[in-house]
Amino acid sequence: MADPTPTVAPPPASTGDGTDGTQAPDEPTMSDPPRIAPPPHRPFPVPVPLGPPPPPIQKGKMDRITDQTRGIVDDVKIWVELRIELLKQEIEDRVNGVVGPLRVAADKEVARSGVLLAVFGLLAAMFLLLTLSFALAALYVWWFAPLHVGLLLGFLSMFVMLALLALGAKLLMDSAVKKAEAKDNSFKL
């Protein structure tokens with residue numbers, strides 16, 4: 001009687017040359033990463049010829065039409081880009097035309113507020129000086145003088161202090177102007 005279990009034949013021996021359906025051992029398989037050959041070694045840069053350019057290659061009619069069409073397309077691209085830049089400039093000019101008067105109005109408001117600030121500053125300085133004058137007058141009355149002489153001395157001493165401050169400021173300004181003129185003259189040699 002025959003054996004009921006089938007027997008499996010062993011696989012044929014591989015030659016390794018790829019003729020029997022197997023790959024040679026030095027060939028990459030799908031699971032191997034690709035091998036990239038290194039670039040050839042060039043110790044010196046490749047010289048570039050310095051002579052005149054070679055004569056143009058004769059082109060056919062289709063090549064000339066293609067080149068001319070590319071030139072027209074490039075010209076149209078440049079024209080469109082320039083039109084866009086011109087449009088941007090026109091929009092900016094229009095915006096500045098609307099915003100410009102608003103800036104002038106804002107500058108006028110700043111000027112008005114500056115004038116108000118100067119007026120109130122002068123009033124504050126005047127009242128401060130009056131207060132200091134009355135304080136000096138009170139000191140003079142307390143020390144040695146009657147009321148009317150103390151008031152006169154208080155305001156007179158405030159005037160003398162302010163006059164000395166003005167004289168000092170004038171001298172400082174004159175010396176600064178002389179220094180600036182000396183610097184200007186030294187550069188004019």
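Of the residues in region 144-153, not one is in a helix (DSSP H, G or I) and among the aromatic types (Phe, Trp, Tyr). Of all the listed residues (165, 132), the sole one being surrounded by 10 or more Cβ atoms within 10 Å (Cβ to Cβ), touching a residue at least 24 places away in the same chain (Cβ under 8 Å) and either out of contact with any Leu (no Cβ under 8 Å at 6 or more places or on another chain) or not in a helix (DSSP H, G or I) (or both) is 132. Taking region 120-129 as the range and being open to solvent by less than 60 Å² (accessible area, probe 1.4 Å) and closer than 12 Å to residue 158 by Cα as the test, only 129 passes. Among the conditions (1) at pLDDT 90 or above; (2) more than 30 Å from residue 162 (Cβ to Cβ), the only one that residue 125 does not satisfy is (2).
The values are calculated or read from the model by the stated rules, or taken from the named source; none is laboratory data. Since the structure is predicted, the reported quantities are computational estimates derived from the model, not experimental observations. Every residue, glycine among them, receives a Cβ derived from its backbone with ideal geometry; neighbour counts consider all protein chains shown. Protein only, heavy atoms only, side chains kept; ligands, DNA and RNA dropped before computing areas. Shrake-Rupley method; radii C 1.70, N 1.55, O 1.52, S 1.80 Å.
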